[in-house]
Amino acid sequence: MTAELKSTSEGRTMVLTIANPTQRNALGPEIYAAGIEALNGAESSDEIRSVVIVGEGAWFCAGGSLQRLSDNRQRDPSVQAESIEGLHNWIDSIRAFPKPIIAAVEGAAAGAGFSLALACDFVVAARDAVFAASYSNVALSPDGGLSWQLARALPRQLASEWLMCGERIGAPRLHALGLVNELSEHGQALASALALAARLNARAPNSLASIKELLSEAPGATFASQLSQERDHFVRNLHHPNAGVGIAAFIDKKPPRYE
């Protein structure tokens, strides 16, 4: 069975399911390309307001296929470089996507699967799920932006431990450290992620897009430049029709219905 990325809809949420069951949902170039294509389509669709990424069956994602990596060792290094560029292009598209993206993690998110989960805006994980930066276990180093994510989210010593030791970390520990938003019971991560998505879908898309962009730009911005960006986004959103809807609904104590 070949690896694929399945796309379905739950209300106004697109669900992307990584399906590679014989390899614990390992990633590959075909999934990267399909992920980018799916997000491009969802970005232009007014019907889609959020995305959930989930793994098929008991695993979220085992990262890269070790068999494919072994095969690529016999090829020119440019082959593996091109493959990693495909992964990075998908990660970039997730971060640049103007709508919320939620990772729903069951089982394990390892290697690039860990990177993929942390690239999302929200992570919902089963209490018994585990995460592992397992690269050093096979004499490799991180990809998918994992070193960037962990270096900003954790003290250096803890990021060093996770990346260099490659041991499994339970979802409750990530939740305590702020890398997982919500813990669910076993088998309920997708349902919990869809419930979160429904709450987000009820909010103004332009507001959420601005927040996501501001958060993405903040780590590399000066305080002065971030203040300028906040001003510009605020003014633009104030003059968007949705601000009129939201303010009037708040004053009238009614739920807003945003376009």
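For the chain, the spread of Cα coordinates along the three principal axes comes to 64, 41, 35 Å, biggest extent given first. Taking ALA243, ALA110, ALA129 as the candidate residues, the one with maximal mean-square fluctuation in a Gaussian network model of the chain, Cα springs under 10 Å, is ALA243. Extent of region 94-179 along its three principal axes (Cα atoms, max minus min coordinate, largest first): 35, 28, 23 Å.
Entry note: region 165-227 has Rg to Rh equal to 1.10, where both radii use alpha-carbon atoms and Rh is the Kirkwood radius.
Dividing the radius of gyration of the alpha carbons in region 121-256 by their Kirkwood radius gives 1.07 for Rg/Rh. Computed from the C-beta positions of ARG73 and ILE251, the FRET efficiency with R₀ = 41 Å rounds to 0.05. The local environment of ASP46, defined by Cβ-Cβ distances under 10 Å, has a net charge of 0 under the rule Lys, Arg +1 and Asp, Glu -1. Of all DSSP beta bridges confined to the chain, the antiparallel ones make up roughly 30%.
Angle of helix 29-43 to the longest C-alpha principal axis of the chain, folded into 0 to 90 degrees and rounded to 10: 0°. Based on the reciprocal of the average 1/r between different C-alpha atoms, the Kirkwood radius for region 187-259 equals 14.1 Å. Normalised by 2.2 N^0.38 Å, where N counts its residues, the alpha-carbon radius of gyration of region 4-92 equals 1.18. Shown for the chain: the carbon plus sulfur share of the solvent-accessible area, taken with all protein chains present and a 1.4 angstrom probe, equals 55%. Working note: Cα gyration tensor of region 133-206, eigenvalues times five, square-rooted, sorted largest first, giving semi-axes of 29, 15, 12 Å. Using a probe of 1.4 angstrom and keeping all protein chains present, the accessible surface of region 165-228 works out to 55 square angstrom per residue. The angle separating the long axis of helix 189-201 from the principal Cα axis of greatest extent in the chain is about 30 degrees.
The values are calculated or read from the model by the stated rules, or taken from the named source; none is laboratory data. These figures come from a predicted structure and were not determined experimentally. No Cβ is skipped: glycine too gets one built from the backbone with ideal geometry, and neighbour counts run over all protein chains shown. Accessible surface is based on the protein model in full, side chains and every heavy atom, while ligands, DNA and RNA are left aside. Shrake-Rupley method; radii C 1.70, N 1.55, O 1.52, S 1.80 Å.
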